[in-house]
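Working notes, beginning with the structure itself.
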């Protein structure tokens, strides 16, 4: 083999060796580009995930909790004195009535003219579904027996719809305000018995004024 041929072989070999790093550099750039795209995609997915979570939290706080769990209500008027006073703030839970766990003497919020109306009343449950209620003089009778209670601040002077025995349906409640002289309640035709479907919830907690903060307990 001549010296010229050897020199050419060396040159060809050198050129091939020099091509390798150039090719490797392109592959490295492609990997970096793919990594950047992958990281960008991950960041985008992370941001979308956070946005979805925040929207769910907002939806739960604004819609689900107030409509199905608990809601703030303000007492309007003197009909529940001396237990509740005008302007006091209550937290009303919305689970008991759906589970049919309301009890006699519970304080409830209901819509006397149906849920399509924004007007609501706050009263105390006196008669439960299926019971017969009657008011004779100042006494309340449940199924013919005098109801022992001391919530009324004044003697009952108006029996109204309960002057004669009034039998409640399976989803009906008879309610009265503690201020018996100033309460527009189930004794009056404008209100009548309260259907379960028109009950907004049960008063659970008084949150204002702060000096009366606490659970709604019996007297």
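The values are calculated or read from the model by the stated rules, or taken from the named source; none is laboratory data. Since the structure is predicted, the reported quantities are computational estimates derived from the model, not experimental observations. Using ideal geometry, Cβ is built from the backbone for each residue, glycine included, and neighbour counts are taken over all protein chains shown.
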Q | Residue, surrounded by the fewest Cβ atoms within 10 Å (Cβ to Cβ), within segment 141-160, restricted to residues that are under 14 Å from residue 185 (Cα atoms) and touching a strand residue (DSSP E or B) at 6+ places or on another chain (Cβ under 9 Å) | A | 158
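Output the number of residues of segment 101-127 satisfying the condition of being over 21 Å from residue 147 (Cβ atoms), assigned to a loop (DSSP other than H, G, I, E, B) and in contact (Cβ under 8 Å) with a residue 24 or more places away in the chain. Steps first, please.
Step one: filter segment 101-127 for residues over 21 Å from residue 147 (Cβ atoms), giving 109, 111-120.
Subset that is assigned to a loop (DSSP other than H, G, I, E, B): 111-120.
From what is left, the residues that are in contact (Cβ under 8 Å) with a residue 24 or more places away in the chain are 111-112, 114-115, 120.
The number of residues fulfilling the criteria is 5.
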**Q.** Filter result (more than 16 Å from residue 123 (Cβ to Cβ), part of a loop (DSSP other than H, G, I, E, B) and in contact (Cβ under 8 Å) with a residue 12 or more places away in the chain) within segment 140-169
**A.** 143, 144, 150, 155, 157, 159, 163, 164, 165, 169
Q | Boolean, residue 175 is part of a loop (DSSP other than H, G, I, E, B) and modelled with pLDDT of 95 or more | A | no
Q | Residues (crowded, with 18+ Cβ neighbours inside 10 Å and either closer than 24 Å to residue 139 by Cβ or out of contact with any strand residue (DSSP E or B) (no Cβ under 6 Å at 6 or more places or on another chain) (or both)) located in segment 187-217 | A | 187, 191, 193, 194
**Q.** Hey, residue 126 closer than 26 Å to residue 74 by Cβ, at pLDDT 95 or above and either loosely packed, with under 12 Cβ neighbours inside 10 Å or under 19 Å from the mean Cα position of the chain (by Cα) (or both) or not
**A.** no
Q) Which ones in segment 91-100 are part of a loop (DSSP other than H, G, I, E, B) and either modelled with pLDDT under 85 or touching a strand residue (DSSP E or B) at 6+ places or on another chain (Cβ under 7 Å) (or both)? A) 94, 96, 97, 98, 99, 100
